[in-house]
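The structure under discussion appears below in the form of structure tokens.
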Amino acid sequence: APSPKKRREPLLLEYADFGLCNILPAQLSRLLDCAPNLVKLNLESLTISGPVLRAVAQCSQLQILNLAMCQNVNASQLVAVTRNCTKLKELNLAWCNISEKTFNRLFPC
């Protein structure tokens, strides 16, 4: 019989910089799933998939998020990040081609 999958302990990682890294979205989302204590995350210039942003949205301690020059940023999932990451103080979306509609959803005030 196959052995049961080992459950991994969460990483204590608080800061991760993957800017300009050659990392696949699937690898990144798996890592983020194991790092709920992230406070600062740099994903600059990466291609972002839905699972990556869903994993980011689960990082409830996140205060600083850099998505500058990211490709494939999904508006709905980005809104989920801003709603779920209630401690977020800094968000860099430079060169992400955010539409006016998305902008208004992100910042409804």
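Given (1) buried (at least 18 other Cβ atoms within 10 Å of the Cβ); (2) at pLDDT 95 or above, where does Ala68 come up short, assuming only one miss?
The single condition Ala68 does not satisfy is (1).
Which of the residues belonging to the range 29-42 are open to solvent by less than 10 Å² (accessible area, probe 1.4 Å) and within 16 Å of Cys70 (Cβ to Cβ)?
Leu32, Leu41
Residue by residue through the range 1-19, note down the ones that are modelled with pLDDT of 95 or more and either open to solvent by 100 Å² or more (accessible area, probe 1.4 Å) or more than 23 Å from Gln63 (Cα to Cα) (or both).
Selection gives Glu14, Tyr15.
From (1) aliphatic (A, V, I, L, M); (2) more than 11 Å from the chain's Cα centre (by Cα); (3) under 20 Å from Phe103 (Cβ atoms); (4) open to solvent by 10 Å² or more (accessible area, probe 1.4 Å), pick out the condition that doesn't hold for Ile23.
Of everything listed in (1) aliphatic (A, V, I, L, M); (2) more than 11 Å from the chain's Cα centre (by Cα); (3) under 20 Å from Phe103 (Cβ atoms); (4) open to solvent by 10 Å² or more (accessible area, probe 1.4 Å), Ile23 misses just condition (3).
Could we say that Ser45 is of a type in the set (S, T, N, Q) and surrounded by fewer than 16 Cβ atoms within 10 Å (Cβ to Cβ) here? I'd like the intermediate steps shown before the answer.
Values: of a type in the set (S, T, N, Q): yes; surrounded by fewer than 16 Cβ atoms within 10 Å (Cβ to Cβ): no.
When the stated conditions are applied, Ser45 does not pass them.
Among what's in the range 77-94 and is open to solvent by 40 Å² or more (accessible area, probe 1.4 Å) and among the polar types (S, T, N, Q), pick the residue that is farthest from the chain's Cα centre (by Cα).
Top of the filtered list is Thr86.
The values are calculated or read from the model by the stated rules, or taken from the named source; none is laboratory data. What you see is a predicted model; the values in this text were computed from it and never measured. Because the Cβ atoms are built from the backbone with ideal geometry, glycine has one as well, and the counts that use them run over all protein chains shown. Ligands, DNA and RNA are stripped out before the accessible areas are found, and what is left, the full protein with its side chains, is counted by its heavy atoms. Shrake-Rupley method; radii C 1.70, N 1.55, O 1.52, S 1.80 Å.
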